[in-house]
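Only one structure is covered here, and it is reproduced in the block below.
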Amino acid sequence: MVEITVHVTPADQAADPYFYVPVDIPADTTRIDVTMSYPKADDCIIDLGMLDPHASDYPTTAGFRGWSGGARDRFFVATDDATPGYIHGEIPAGLWKVMLGLYKVPPDGADVRLTVVFDSASRELLPPPARTFPVRQGAGWYRGDLHCHTFHSDAAGSPELLHAAAKQAGLDFLAIADHNTITQRRYFHPHSSPELIFVRAMEITTAVGHANVYGVDEWIDFRMTKPEHAHTLSRLVHDHGGLLSINHDKPTIQWDYDLPRIDCMEVWQSHWMAWNWVSLGRYQDRLASGLKISAIGGSDFHQPARLMPEGPLALARPTTVLWLDELSEDAILAAMKAGRGYVTESPTGPHLALTVNGQPMGSTTHAEVTATAETKRAEGDTLVWIDATGIVSTETIGSDDWTGGFTGRPKAFLRTEIIAAASREGLTSEFSAALEGRSLPWQLQGIDMANQPIRRAISNPVYVEW
C-alpha cells in the first residue's frame, strides 16, 4: 500500500488542468485499488482517472486505463474486471499515473490524499468483449438517440436499465456516449442486436466544450488544453474512420475551442426549451458561411437508478430519424455523415422529410429548386422554409399527413422546421406537468417560455449551388 498527499493550487490548474501523481506498480500485480479524498466544496472539485506506463503526453494512443471525472472517489483496475469507466486487462509493472482533473481549485489550494493498494492474487486475464455486427434488413426511417449516459461515467443507472429505456421508447438504435471513456462497451458490444443497434460513441468532455465521437472502437485522448487541440481531436477521430460532432453549443457549455473539421452538430439537446435555439442559431450561421454539417439531436439522458416512465424529459427527447437502406451501425454512421434525416421532439414526434429537385436531405442540387416537405402528426402547426438569409416562406400544415411545397432560388441551402402553433398549449402543459414539484433544470433557468418558438422537428438541409 502507498499513501500520497499532494497539494494542488490554482497555479497548477492554470499550467495544466490535468495533474499527474506517479505510482510505481510492482511486478505480478493483478489488481490496483485507488481511493481519493479531498475537501470537496462548491469551489473545490477534483476529477479522477488513471494511465498506465504505455501512456505518453497528449495526445496518447495507448495507456488509458480509466476516467470517472467527479462521479467517483475510488476505483479498481484488475486483470479480469474493473470499476465502470476503467479498463481491465494486463497490468504491466512500472510507473503508472493517477490522473487528477483540476476542475475547481480554491484560492488557497487543496490537499488531495491518495491511497493505492496492490494485490497479486491469482486472477484470469480477460479480454474486452468483441464488437458484434447485427443487421436488420429493410429500407426505411429508423429512430434513435445519439447522446446518453450510464454509470460508466456520471449517470446513476446501469447499461441494463438504459437498454430497457431504449426498448420502452421503441428505438431502433442508440449511441451511449459516456464521458471520456469507452468501457460501456463491456455491456453494449455483446447486446447489440437487429432489434436495437448500439452505436459506438464517446463524449469528449472538457471544461470549455464537449464533442461526441462516433464509430470508433479505440479510446480518443480527451486531454485538450489549447484552442488548437480541437484540430488534433478532429485528426485523431478521422484517422480512426469516425465521425466528430460538437455537442450542445449553447449556455453553459458552449464550444470554446477552434472550430475543427466536424461531420455533425448537435442542434437539439434535451427539451427544446433548454436553450436549443442558441445551438440552432449557431448551426444556421455555420451553414450560411458555406460549411456542410449534418444536424443531429440527442437527449443527453443520464439514466437514473430506476426505469423512468415516458415523458418530455426522458430518453429520446429529441429523436434523430435517419433514412437507411438497412439497420446497421455502418448504415447509421453513413446516414449521419450524409445528413439523410431529421430531428424530431420524440419517437412519436412529427415526421419531416425534405426533398429538393428530387434529391434527399444532405444532397447538393443546382439551379432553381422545386422542393417538397412531407409532414405527419403536426396538423395546425407551422412549416418554415429557411435558406442562408433566414426564413423565406411559411405554411400552415393542413392535416396530419400533409405535404408542403416551395419553389424559388434559395441561397446556399434549403432546410425546413416545424414550429408549434396548434400544438403549443399541449406541449407546454405536458412540460410543466413533468416538472411538477421540482425546480427547473439548470439549462432552463431564466427562460421566458411564453415568448420562445417551440420547434417540433428540424430537417437537414439540401445544399444549392449556382
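The values are calculated or read from the model by the stated rules, or taken from the named source; none is laboratory data. Quick caveat, the model's predicted, so the values are computed rather than measured. As a convention, Cβ positions derive from the backbone with ideal geometry for all residues, glycine included, and neighbour counts pool all protein chains shown. These area figures cover heavy atoms from the full protein model, side chains too; ligands, DNA and RNA do not enter into them. Shrake-Rupley method; radii C 1.70, N 1.55, O 1.52, S 1.80 Å.
Restricting attention to the stretch 253-305, the residues that are in contact with a strand residue (DSSP E or B) (Cβ under 6 Å, 6 or more places away or on another chain), closer than 23 Å to Ala388 by Cα and of a type in the set (Phe, Trp, Tyr) total 4.
Which of the residues belonging to the stretch 332-343 are out of contact with any Asp or Glu (no Cβ under 6 Å at 6 or more places or on another chain) and over 17 Å from Ile386 (Cα atoms)? Break it down stepwise before answering.
As a first pass, look at the stretch 332-343 and keep what is out of contact with any Asp or Glu (no Cβ under 6 Å at 6 or more places or on another chain): 332-336, 338-343.
Listed by number, the residues that qualify are Ile332, Leu333, Ala334, Ala335, Met336, Ala338, Arg340.
Yes/no per residue for (1) in contact with a Lys or Arg (Cβ under 6 Å, 6 or more places away or on another chain); (2) among the β-branched types (Val, Ile, Thr); (3) under 30 Å from Arg340 (Cα atoms); (4) in contact (Cβ under 8 Å) with a residue 40 or more places away in the chain:
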| residue | (1), (2), (3), (4) |
| --- | --- |
| Ser120 | no, no, no, yes |
| Glu124 | no, no, no, yes |
| Val135 | no, yes, yes, yes |
| Ser158 | no, no, no, yes |
| Arg185 | no, no, yes, yes |
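For the stretch 264-298, the set of residues classified as at pLDDT 95 or above, open to solvent by less than 10 Å² (accessible area, probe 1.4 Å), part of a loop (DSSP other than H, G, I, E, B) and not aliphatic (A, V, I, L, M) is empty.
Taking the criterion of being of a type in the set (Ser, Thr, Tyr) and closer than 28 Å to Ser153 by Cα, the residues of the stretch 284-312 that qualify are Ser294, Ser299. Across the stretch 412-466, the qualifying residues are those that are at pLDDT 80 or above and among the polar types (S, T, N, Q), and the one among them that is nearest to Ser399 (Cα to Cα) is Ser423. One residue is enough: does the stretch 265-285 have a residue meeting the conditions touching a helix residue (DSSP H, G or I) at 6+ places or on another chain (Cβ under 9 Å), over 20 Å from Thr150 (Cα atoms) and without any contact (Cβ under 8 Å) to a residue 60 or more places away in the chain? Yes, the conditions are met somewhere in the stretch 265-285. Quick check on the stretch 76-124: of everything there that is within 27 Å of Pro17 (Cβ to Cβ) and among the acidic types (Asp, Glu), which residue is least open to solvent (accessible area, probe 1.4 Å)? It comes out as Asp111. Arg235 meets each of the listed conditions (1) surrounded by 21 or more Cβ atoms within 10 Å (Cβ to Cβ); (2) assigned to a helix (DSSP H, G or I) apart from (1).
Determine, yes or no, whether Ile220 is among the hydrophobic types (A, V, I, L, M, F, W, C) and more than 23 Å from Phe19 (Cβ to Cβ).
Numbers: among the hydrophobic types (A, V, I, L, M, F, W, C): yes; more than 23 Å from Phe19 (Cβ to Cβ): no.
Here the answer is no, as Ile220 does not meet what is asked.
Within the stretch 145-165, being closer than 20 Å to Trp323 by Cβ and hydrophobic (A, V, I, L, M, F, W, C) holds for one residue alone: Leu146. The set of residues in the stretch 354-396 that are open to solvent by 50 Å² or more (accessible area, probe 1.4 Å) and β-branched (Val, Ile, Thr) comprises Thr364, Thr370, Thr372, Thr389, Ile391, Val392, Thr394, Thr396. Can you find a residue in the stretch 181-197 that is over 17 Å from His240 (Cβ atoms), touching a helix residue (DSSP H, G or I) at 6+ places or on another chain (Cβ under 6 Å) and among the hydroxyl-bearing types (Ser, Thr, Tyr)? Scanning the stretch 181-197 turns up at least one residue that is over 17 Å from His240 (Cβ atoms), touching a helix residue (DSSP H, G or I) at 6+ places or on another chain (Cβ under 6 Å) and among the hydroxyl-bearing types (Ser, Thr, Tyr).
Taking the stretch 13-36 as the range and being open to solvent by 30 Å² or more (accessible area, probe 1.4 Å), out of contact with any Leu (no Cβ under 6 Å at 6 or more places or on another chain), over 22 Å from Phe118 (Cα atoms) and of a type outside the set (A, V, I, L, M, F, W, C) as the test, only Asp16 passes.
Is there a residue in the stretch 268-284 that is of a type outside the set (S, T, N, Q) and within 14 Å of the chain's Cα centre (by Cα)? Within the stretch 268-284, one or more residues are of a type outside the set (S, T, N, Q) and within 14 Å of the chain's Cα centre (by Cα).
Can you name the residue in the stretch 180-210 that is in a strand (DSSP E or B) and of a type in the set (Gly, Ala, Ser) and is also surrounded by the most Cβ atoms within 10 Å (Cβ to Cβ) among such residues? Ranking the qualifying residues of the stretch 180-210, first place goes to Ala201. Those strands (runs of 3 or more DSSP E) of the stretch 68-179 in which at least 3 residues are at pLDDT 95 or above and charged (D, E, K, R), considering only elements entirely within it, cover 110-119, 136-149.
Name the single residue, out of those in the stretch 37-67 being surrounded by fewer than 22 Cβ atoms within 10 Å (Cβ to Cβ) and part of a strand (DSSP E or B), that is farthest from the chain's Cα centre (by Cα).
Applying the filter and picking the extreme gives Ser37.
If I ask for residues that are part of a loop (DSSP other than H, G, I, E, B) and either closer than 21 Å to Arg424 by Cβ or not hydrophobic (A, V, I, L, M, F, W, C) (or both), which ones from the stretch 381-410 would you list? Steps first, please.
Start the filter on the stretch 381-410 by keeping residues that are part of a loop (DSSP other than H, G, I, E, B), which leaves 381, 388-389, 397-400, 409-410.
Within the stretch 381-410, Asp381, Thr389, Ile397, Gly398, Ser399, Asp400, Arg409, Pro410 qualify.
Quick check on Leu307: is it in a strand (DSSP E or B) and modelled with pLDDT of 95 or more? Criteria not met by Leu307.
Summed over the stretch 412-427, the residues that are surrounded by fewer than 14 Cβ atoms within 10 Å (Cβ to Cβ) and touching a residue at least 12 places away in the same chain (Cβ under 8 Å) give a count of 1. Figure legend. Inter-residue proximity from the stretch 350-377: first residues without any contact (Cβ under 8 Å) to a residue 12 or more places away in the chain, second residues not aliphatic (A, V, I, L, M), beta-carbon distance below 9 Å, spacing 6+ or different chains. Indicated pairs: Gly358/Thr365; Gly358/Thr370.
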